[in-house]
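The values are calculated or read from the model by the stated rules, or taken from the named source; none is laboratory data. On a predicted model such as this, the values are computed, not experimentally measured, just so you know. Because the Cβ atoms are built from the backbone with ideal geometry, glycine has one as well, and the counts that use them run over all protein chains shown. Calculation scope for accessible area: heavy atoms of the full protein, side chains included, ligands and nucleic acids excluded. Shrake-Rupley method; radii C 1.70, N 1.55, O 1.52, S 1.80 Å.
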Amino acid sequence: MHTDARIAVIYYSATGTVHRLAQAFVDGAADAGAEVRLRRVAELAPEHVIDAKPQWRAHLDATADIPVTTLDDLRWANGYAFGTPTRFGNICSQLRQFLDTTTVPWQAEELADKPATGFTATYEEHGGQEATLLSLYQTFHHWGSIILPTGYLNYDTAHAAGGNPYGVSLVESRASRDHEYVKAVLETACFQGARLTRMAAAVAAARADSRLG
């Protein structure tokens, strides 16, 4: 299967949880026929802070081969999935810093009319997942993107994954003891990656038709 969808999955992950979700998005989009770029945003934390947490250092080293995203990835893609851990009910500073560099393509309307979705993770169930996703979507509003929430599609799996209609999310404290829950979250991420692909392909086709007309 091949589509005209070009999906950029862009994320930040300190210890691997959000990276795992990002990979599930990649798998779902690729299986649906998209050309996919997996990209991470640049790390901003000082080396001594990273080294003080062995899991952080290990994950950073293990994913060093994943390219750091650039504005060209945004221009290339016609669909976006952005992932971030929650930081006090908001997106992390690493992703925020990248988003704050998008003024030029935003003003050139290069980011408009493209479907975009978000995913996140917290340690606690009430750690701010919905607030984080809504904060991320504020940027999409300014870009003129087409926001693609998860809703309650694929209901049984979505319910097993926690029933977040705003975007894919994972609670780490639950994941550590409930493997079926983790499976449902990853399946939801795959499903949303495929759905993003279908939406991106449909919008790209509609834009091509309008240009021909």
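Just going by the charge dipole of the chain, with Lys and Arg at +1 and Asp and Glu at -1 on Cβ, which of Leu186, Thr197, Pro105 is farthest out on the positive end? Most positive-ward Cα: Pro105.
I'd like the orientation of helix 17-31 relative to the chain: the angle between its Cα long axis and the longest Cα principal axis, in ° from 0 to 90, rounded to 10. In the chain, helix 17-31 runs at an angle near 30 degrees to the longest axis. For segment 1-54, the dipole from Cβ point charges (+1 on Lys and Arg, -1 on Asp and Glu) about the Cα centre works out to 60 debye, to the nearest 20. The Stokes-Einstein estimate for the chain, based on a Kirkwood radius over Cα pairs and taken at 37 °C with 0.692 mPa s viscosity, is a diffusion coefficient of 190 µm²/s. Inter-part distance, segment 17-93 to segment 121-165, computed on C-alpha centroids, equals 17 Å. With both residues required to sit in the chain, DSSP beta bridges show an antiparallel share near 10%.
Computed from Cα positions, the angle between helix 129-143 and the longest principal axis of the chain comes to roughly 30 degrees. Between Ser169, Ser135, Ser145, the Gaussian network model of the chain with springs among Cα atoms under 10 angstrom shows the greatest mean-square fluctuation at Ser135. Think of a 1.4 Å ball rolled over the protein heavy atoms: the chain then has 48 Å² of accessible area per residue. Charged side chains reduced to their Cβ positions (Lys and Arg at +1, Asp and Glu at -1) give the chain a dipole of some 160 debye around its Cα centre. Counting only Cβ charges, +1 for Lys and Arg and -1 for Asp and Glu, the dipole size of segment 56-114 around its Cα centre is about 300 debye.
Which of the three applies to segment 90-213, rounded, prolate or oblate, going by the alpha-carbon gyration tensor with a ≥ b ≥ c and a/c under 1.5 meaning rounded? Cα axes put segment 90-213 in the oblate bin.
Taking a quarter of the surface of the Cα convex hull of segment 135-188, what do you get in nm²?
Reported value for the Cα convex hull: 4.0 nm².
The peptide list 60-67, 27-34, put in order of mean Cβ contacts within 10 Å with the highest first, becomes 27-34, 60-67. For the chain, the longest principal axis of the alpha carbon atoms and the long axis of helix 179-212 meet at an angle near 20°. Expressed as a whole percent, the accessible surface of the chain that belongs to carbon and sulfur atoms is 53, based on a 1.4 Å probe.
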